[in-house]
Structure formats: structure tokens, C-alpha cells
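Step one of this worksheet: look at the structure below.
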């Protein structure tokens, strides 16, 4: 049996770009999780030849929002909850008109470096052939270093795939959506990333038996 150290992409990004979580951040995370879960269900239902309406999915999303607010233990006024629910509905409506609608989430892949470190990487959506999407419900751009790093790690996990940042800005009314394709990794940057994730995996990773990990592995050797 082979024991490796495993770490999630999120944990690597967070370790490099830490920040203090405020009450407002907790609200944002609750809204973001409600949106992510509702959109995933929306796309899944569509692929199953069901045609849920936006109003039906909005009710689902609002229920998820209430659960999220309870989890972060943050009280909001009735007016604030209505405002947040309106953001969720706006994203649902915009998402339904986008090319991402109807796509599914790929199975998490394992970036296996030197047969020693494994990094779990799972973008939000893919078309199953040649394109992956990471969705954000705020005005994220590739100028944000944490967003850029997350997408670059996904590129390691899905070599040969075109990588797209899909933003649905819930703070704008109506919601502004944008698809931004990420440039392919250059060899030098790929090598830098491999060294970095290998080091972070050794620092942060949990030991796991490789043969028991049920995720497609993408293998790399460290550059000389």
C-alpha cells in the first residue's frame, strides 16, 4: 500500500491568501452556498429532462439560504433576508440564460505529484469533453490572486481543457454575467505550481492510502 498526503485546492488557496472572516463574510458564504446548491440542482434536473421553473428553484434556494444562515448563526432582519433572497433569484435567472446551465459537476480529480502528494481539485461544472467552469456569484476577476490560483490548480487537474471563470454578480441589478477564459498554463508557471502544491501538500496534507482513493488521478513529476 502507498501512503500519500492529500489536501484540497481550497485549503492551499486559503493558506496562501488568509483573511479574517467577518459577519458580512458569513452572510456572503451562506448566500454563496445557497446559490451553488440551487444551481447544481437546477442543472441536474434539466439534464434529467425535468423543467423546473425559476420560481420553484427560487423557493428551493430560499430554503437553502435559511439553512445556511442558521449554520453561520447570523441573524438578519426580514428586509435583509428579502434582499439576500432577491440576489439568489437574480443569479438563478441569469444562470438559466447562460451556456453553463444544464452542465454537471465533474468528479473530483487527484493531482498526484511524485506519488507523494495528492491535491483534490473539482471545478463547479464541465461539458464532459474539453471545457471546465468555475462559478462565482460576485464580481470575481482573474486579477484576484486567490481566484487565479484556484483556476490554475484546476488546470493542472484537467490538462487540455479550456478553463472558464463564470461570474454572476449578485450585487448588481439586474445580475451581470460574464465568461472569462483563462490562458493555458505556460510550462514555467506549471512547474512553479507543481513545486508549490507539492510543498503545501507536505505541510497541510492528511495521510491517505492511495489505493483506497476513488478519484481519477492526474500524475506529475516535479521538474528537475
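The values are calculated or read from the model by the stated rules, or taken from the named source; none is laboratory data. Treat the numbers as computed from the prediction; the structure is a model and nothing was measured. Positions of Cβ are backbone-derived with ideal geometry, glycine not excepted, and every protein chain shown enters the neighbour counts.
List of remarks:
- Here the helices (runs of 4 or more DSSP H) wholly within the range 15-120 that include at least 1 residues being over 16 Å from the mean Cα position of the chain (by Cα) and within 30 Å of residue 206 (Cβ to Cβ) are 23-47, 54-71.
- All of 187, 183 fail the test of being over 18 Å from residue 121 (Cα atoms), more than 20 Å from the chain's Cα centre (by Cα) and modelled with pLDDT of 95 or more, apart from 187.
- Take the conditions (1) surrounded by 12 or more Cβ atoms within 10 Å (Cβ to Cβ); (2) free of Cβ contacts under 8 Å to residues at least 12 places away in the same chain; (3) farther than 26 Å from residue 95 by Cα; residue 21 misses just one of them, which is (1).
- Condition check for residue 91: in contact with a helix residue (DSSP H, G or I) (Cβ under 8 Å, 6 or more places away or on another chain), crowded, with 21+ Cβ neighbours inside 10 Å, assigned by TED's automatic domain parsing to the domain that holds residue 44 and at negative phi: yes
So that you can scan it fast, the table gives a plain yes or no per residue for (1) touching a strand residue (DSSP E or B) at 6+ places or on another chain (Cβ under 8 Å); (2) surrounded by fewer than 16 Cβ atoms within 10 Å (Cβ to Cβ):
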{"residue": "98", "(1), (2)": "yes, no"}
{"residue": "111", "(1), (2)": "yes, no"}
{"residue": "128", "(1), (2)": "yes, yes"}
{"residue": "137", "(1), (2)": "yes, no"}
{"residue": "185", "(1), (2)": "no, no"}
{"residue": "189", "(1), (2)": "no, yes"}
{"residue": "199", "(1), (2)": "no, yes"}
{"residue": "204", "(1), (2)": "yes, no"}
{"residue": "210", "(1), (2)": "yes, no"}
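- Looking across the range 16-60, the residues that are touching a helix residue (DSSP H, G or I) at 6+ places or on another chain (Cβ under 6 Å) and closer than 19 Å to residue 146 by Cα come down to 17, 33.
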